[in-house]
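What follows is a set of notes on a single structure, which appears directly below.
Each value in this text was obtained by applying a stated rule to the coordinates, not by laboratory testing. Quick caveat, the model's predicted, so the values are computed rather than measured. Don't worry about glycine lacking a Cβ; one is built from the backbone with ideal geometry, like all the others, and counts go over all protein chains shown.
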């Protein structure tokens, strides 16, 4: 009786191990498929635009918090981002427009170029076109 119980226990362990290998193979196949899809459908320009957008949001948060002595006297709102057809000119929209000074524009653009290491000669960033 004990021998039969031991054999059943071993079979359960064998099934569990096979299931683990099957799950690992499915997970690995999924990761390879997703990686291949992303590498074929995302260009360098798309990744730069994503980095610029994230840096712009961070710059606005810093400006609103009074970073580096900046005092906008109003809460600056990040309105979004757009780009030209060739993805070389990137437009960032901030509001309220009357309160967006040149100091704030220069800070946001400088912060984006410094934190993302974006090539200034290749990409042109414009605030509130």
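Using the Cβ-Cβ distance between residue 75 and residue 40 with R0 set to 41 Å, the FRET efficiency from 1/(1 + (r/R0)^6) comes to roughly 0.50. Taking the C-alpha atoms only, the angle from helix 44-64 to the longest principal axis of the chain is near 60 degrees.
Between residue 119 and residue 27, the C-beta separation translates, for a Förster distance of 35 Å, into a calculated FRET efficiency of about 0.40.
With the convex hull drawn over the C-alpha atoms of segment 20-70, the volume per residue is 107 Å³. Springs join every pair of Cα atoms under 10 Å in this Gaussian network model of the chain, and among 74, 34, 104 the largest mean-square fluctuation is at 34.
For the chain, the longest principal axis of the Cα atoms and the long axis of helix 2-41 meet at an angle of about 30 degrees. At the listed q of 0.13, 0.26 Å⁻¹, the Debye profile of segment 44-127, built from one uniform point per Cα, gives log10 I(q)/I(0) equal to -0.37, -1.35.
Springs between Cα atoms under 10 Å define the GNM used for the chain, and in it the highest mean-square fluctuation of 116, 101, 29 occurs at 29. Axis angle, to the nearest 10 degrees, between helix 102-116 and the longest C-alpha principal axis of the chain: 30 degrees. When the chain is treated as a GNM with alpha-carbon contacts under 10 Å, the residue of 42, 28, 62 showing the greatest mean-square fluctuation is 28.
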